[in-house]
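For reference, the structure is listed below as C-alpha cells.
Laboratory data are not the source of any read-out in this text; all were calculated from the coordinates shown. Predicted model only: the values in this text are computed from it and were never measured. Reconstructed Cβ throughout: ideal geometry from the backbone, glycine too, with neighbour counts over all protein chains shown.
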Amino acid sequence: ERNSILNLNPGPSSLPLPVLEEAARGLLNFNGTGMGITEISHRSKEFQALTNDLVARIRALLSVPDTHEILFTQGGASLVFSTIALNLLARFRLLHPNLPLSEVSADYVVTGVWSKKAYEEAKRLVQHTGVNVRIAADGRTESEDGKSFQSVPSKDKYQFGPADKTAWIYYCENETVNGVQFASAPEDPAAFPLDAALGPPQHTTIDPPLVADFSSSFLSRPIPQIERHALIYGGAQKNIGPAGLTIIIVRKDLLVDVDAAHTLGGCPPCPLTLSFQTLAESGSLYNTPPMFSMYVSDLVLKDLQAKGGLSVVEENNRQKQQVVYGVLEKMEEAGIIQLNVKPGSRSWMNVTFIFHDPALGARFVKEAEAKGLRGVKGHRSVGGFRLSLYNAITLENARTVAGFLEEFLASTK
Ligand code: PMP
C-alpha cells in the first residue's frame, strides 16, 4: 500500500502522487489526442509544445539567462561525464589551434564518488591527447583518515591551472553517495568555495568554463551564480522525474563544431548524438528523445511552480534537513552514530551516517523497514546509512523520519 510507505531512496526516488495520477491518464490519452504520450510522434505539434513548455519552466524556475541553452538528452548523467570531455576539449582546440595540448589541463574538484568517476572518465577519453586531466582539489585530504569524503575542500586548497590553459573546471554540487554538498549559502556568493574559479561577475564568457553536476540537487533550491557557470547538468531521476532524461544547461559558446575540432587534430571524434551543438541546433530533437520522462518531468515542474516555486521549495528543504540532522546530532552526542560529513558540507538531499555498533545498525534497518521507511541503507560502495530527502519528501515526512529516529534513540537508553 503506497501511503504506508515512506520512500527515502537515493534515486530513482518518490514523485508527487497527483503528478503520477495525471501521468497515468497521459499514458492513455495525452492532451486530448486520443493517443498516449508514449504513442505520439516526437515531431508532432503536441510534443513540440511539451518540449517548449519544459524548457520554459526550467528557465523560469532557475532563472537561466539567455546566454544559456537548455538541452535534453539520454544516457544519464554518466554519459555527460564523457560528453563534457569531448565537447570541451573540442572547444578549447578551436579557440587555441596552435597550443600543444600537453600544456593544457582539465581540472577536477573531487568531493565524492561521482566527481571521481567524472574525472576518471575524462582521463580515459582525452588524456592520450596530451591534456593533463587532473585533480585540482581533493576533499579527502582534509578528512581525518585521509581517504573518506567528509567535506568540500576549503577555499585555499584549489590548485587550478592558468586560466588560458585550463580547458574546463569541474565539480559535483551534491555528492549523492557521500552526502557532501557545496552548501555555500545562495545569499552569500562569497561563501562559495569555488569563488576564484568563477571569474568576474557580469561576464558572459569566462575561461576556464566552470562545469557542475547538479544531478541530486537540481531544483532543490536556486543555483547560486548560475550565470557564471558554463554548464550545469543533471539526470532527472531524483527531484525531477523518471530516469531516462538528462537536462543540460549550457552556455552558447560551448556549442562548437566537434568535427572541425577533430579535423584540426588532437581531439578524438565525438559521436554526433553527444555534440552540444547538434542537440541545440535540433532543439533536442536530433533523434527520438525520452518522451515519457520529459512528460512526467514537465508535470513535476508544473506542480513545483504551483507550490510557489524554488524559494518555497528551498525553505521547505532547509527545514527538512534541519529536522533530520537535529536528531542525528543528538544520536551522535549519545555515541551511537557518526555523521559522515562535517558541518558546513552536509547535504540537504542525502544524509549519511554510520552506527558504531553494527548490531544496532542491523536493528535500525529492521525497525525502519517495519515502520514503512524504505531505502535507508547507504550505497554499496560506502556502506552505512543514507536518508534521501528529495523534493517529493514533505516536511511532514521529514518529521516522521525524525520521530522514528527519536524513538530509536530513546530505545537505546
Ligand atoms: N552524478 C550524480 C551526482 C549522481 O547522483 C548520479 C546517479 N546517482 C550520477 C551522476 C549518475 O547518473 P546516471 O545514473 O543517470 O548516469
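Kindly provide log₁₀ I(q)/I(0) values, in the same order as q = 0.14 Å⁻¹, from the Debye equation applied to equal alpha-carbon scatterers of the stretch 227-375. One equal scatterer on each Cα of the stretch 227-375 leads to -0.94. Determine one quarter of the surface area of the Cα convex hull of the stretch 5-113, which equals its mean projected area, and express it in nm² to one decimal. Across all orientations, the stretch 5-113 yields a mean hull projection of 11.4 nm².
Counting every alpha-carbon pair across the chain, the share separated by more than 26 Å comes to 55%.
With R₀ set to 22 Å, the beta-carbon distance separating Ser4 from Ala243 gives a calculated FRET efficiency near 0.35. Other residues lying with their Cβ under 14 Å from the Cβ of Ala368 contribute a combined charge of +2, Lys and Arg counting +1, Asp and Glu -1.
Here the Debye sum runs over all C-alpha atoms of the stretch 309-411 as equal scatterers in vacuum, and log10 of I(q)/I(0) at q = 0.16 Å⁻¹ comes out as -0.66.
Assign one of three labels to the stretch 61-181, namely rounded, prolate or oblate, based on the Cα gyration tensor with a ≥ b ≥ c the square roots of its eigenvalues; rounded applies when a/c is under 1.5, prolate when it is not and a/b is larger than b/c, and oblate otherwise. Oblate shape, in that a/c is at least 1.5 and b/c is the bigger or equal ratio.
Pairs spanning more than 30 Å between alpha-carbon atoms, out of Lys157/Lys307; Lys320/Lys371; Lys252/Lys342; Lys116/Lys320; Lys117/Lys366: Lys157/Lys307; Lys252/Lys342; Lys117/Lys366. Tell me which aspartates and glutamates have Cα within less than 18 Å of Lys330's Cα, excluding those fewer than 8 residues away on the same chain? In chain and number order, the partners are Asp357, Glu406, Glu407. Ordered by the number of other Cβ atoms lying within 10 Å of each residue's own Cβ, fewest first, Lys366, Lys252, Lys116, Lys413 fall into the sequence Lys413, Lys366, Lys252, Lys116. In terms of overall dimensions, the stretch 192-252 has a Cα radius of gyration and Dmax of 12.4, 37 angstrom. Given the C-alpha centroids of the stretch 88-155 and the stretch 214-278, what is the distance between them in whole angstrom? For the stretch 88-155 versus the stretch 214-278, the Cα centre distance is 17 Å. Run through the stretch 264-341 and list the chymotrypsin sites (Phe, Trp or Tyr not before Pro) located in a DSSP loop whose Cβ has at most 16 other Cβ atoms within 10 Å. For chymotrypsin sites (Phe, Trp or Tyr not before Pro) across the stretch 264-341 that sit outside H, G, I, E and B with at most 16 neighbouring Cβ atoms in 10 Å, the list reads Tyr286. Ranked by how many other Cβ atoms sit within 10 Å of their own Cβ, fewest first, the residues Glu142, Glu396 fall in the order Glu396, Glu142. Toward the positive end of the charge dipole of the chain, with +1 on the Cβ of Lys and Arg and -1 on the Cβ of Asp and Glu, the farthest Cα among Ile249, Asn9, Ala118 is that of Asn9. Mean residue ellipticity at 222 nm, helices only, the chain: -11500 deg cm²/dmol; runs of at least 4 DSSP H residues each add -39,500 (n - 2.57), and the sum is divided by the number of residues.
Beta bridges from DSSP with both residues in the chain: antiparallel share about 55 percent, rounded to the nearest 5.
Potential lengthening of the chain between Lys413 and Thr141 amounts to 94.3 nm, from the contour at 0.36 nm per residue minus the alpha-carbon distance. Assuming charge only on the beta carbon of Lys and Arg (+1) and of Asp and Glu (-1), the dipole of the stretch 45-304 about its Cα centre is about 320 debye to the nearest 20. Other residues whose C-beta falls under 12 angstrom from the C-beta of Asn340 contribute a net charge of -1, scoring Lys and Arg +1 and Asp and Glu -1.
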